[in-house]
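Chemist: Structure incoming, see below.
The values are calculated or read from the model by the stated rules, or taken from the named source; none is laboratory data. Because the structure is a prediction, the values reported are computed rather than measured. Cβ sites come from the backbone with ideal geometry, for glycine too, and all protein chains shown count toward neighbours. The protein model used for the area step is the full one, side chains on, heavy atoms only, and it has no ligands, DNA or RNA in it. Shrake-Rupley method; radii C 1.70, N 1.55, O 1.52, S 1.80 Å.
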Amino acid sequence: MTEEEQKLSPKQRSRRNFLGQSLFTAGAAIAAPSLLNSCQNKTVSASNALVEGETMIGLKINGQLKTLNIEPRVTLLDALRENLGLTGSKKGCDHGQCGACTVLIDGQRAYSCLTLAIMQEGNEITTIEGLATEDNLHPVQTAFLENDGFQCGYCTPGQICASVALLEEVNNGSVSYVTRDLTNPPELASLSESEIKERMSGNLCRCSAYNGIVAAVQQAAGQTPPSPAASIEHSQVG
Ligand code: FES
Ligand code: FES
């Protein structure tokens, strides 16, 4: 208590305390909204703000432009899965060895674990989530379903994206390591089993659903695939 307060009567002190407390409460009430606003502003700007080391990039994914703040060292696969919630592309090896992360970049297949997201600004990226329309599966997805082209399904998004690219490559007259006549590239209707196996060799399947995968590609290519039972028999004989 100050000297001045000691000179006051108890009644005067009590009044002074009351006024002081009232002013504090009123001040707090006035200050509260502005404090809240300033906290909210900080939260909003913090979520949009670049953290040190990050840069803002725009990626065209499945027909939509997505803006994200990431470090330049982030791979496309991690950007898809961790930043954009597109978890269809799988992380198998993270070293370009299994194909589980395969996506399409400008229509060509690519391992998304081997490219940096920042390098893909301006390119059209298609992931497994972008293949089907609202009402219909992509024909390759249908073919995988109808030919048991998977078991656990972990490699399947990559297998399907690779198959979509494979069909386009054959359509464009590309040859492979097993094409016998390089001047006469195979067509979809005549694409052999060994061509399909070679062209899909960048995508591993730990469940070994390879017969179904080959049959699915054959169906998507417009061929009549062997029944799954027939392909199992064929592989056992072979
Ligand atoms: S996760 Fe990319 S190749 Fe295996
Ligand atoms: S279906 Fe299981 S890894 Fe291919």
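Chemist: Give the Rg (one decimal place) followed by the Dmax (whole number) of region 55-146, computed from C-alpha coordinates and expressed in Å.
Modeler: Spelled out, the Cα radius of gyration and Dmax of region 55-146 are 13.1, 44 Å.
Chemist: Could you grab the Rg to Rh ratio for region 49-107? Cα atoms only, Kirkwood for Rh. Please report the intermediate quantities before stating the final value.
Modeler: Working: Rg = 12.2 Å, Rh = 12.5 Å.
Answer for region 49-107: 0.98.
Chemist: Mind listing P(r) for region 139-237? All alpha-carbon pairs, 10 Å bins, whole percents.
Modeler: The percentages, shortest bin first, are 17, 52, 28, 3.
Chemist: Tell me the label-point distance for the pair Q97, L145, using the 7 Å Cα-to-Cβ offset, in nm and rounded to one decimal.
Modeler: Placing both labels 7 Å along Cα→Cβ, they lie 3.4 nm apart.
Chemist: Extending each Cα 7 Å along its Cβ direction at R206 and N172, get the distance between those two points in nm, one decimal.
Modeler: Going by the 7 Å Cα→Cβ label model, 3.2 nm.
Chemist: Follow-up question, since we're still on this one. How much accessible area per residue does region 139-237 have, counting only protein heavy atoms and a probe of 1.4 Å, in square angstrom?
Modeler: Accessible area per residue: 53 Å².
Chemist: Using the alpha-carbon centroid of each, what span in Å lies between region 154-196 and region 123-143?
Modeler: 19 Å
Chemist: Separate question: Computing the accessible area with a 1.4 Å probe over protein heavy atoms, can you report the carbon and sulfur percentage for region 55-130? Before the final figure, lay out each step's value.
Modeler: Details: 1620 of 3530 Å².
Accessible surface attributable to carbon and sulfur in region 55-130 totals 46 percent.
Chemist: To continue, here is another question. Calculate, in nm to one decimal, what A49 and D181 gain on full extension: separation in residues at 0.36 nm each, minus their alpha carbon distance.
Modeler: Difference between extended and current length: 41.9 nm.
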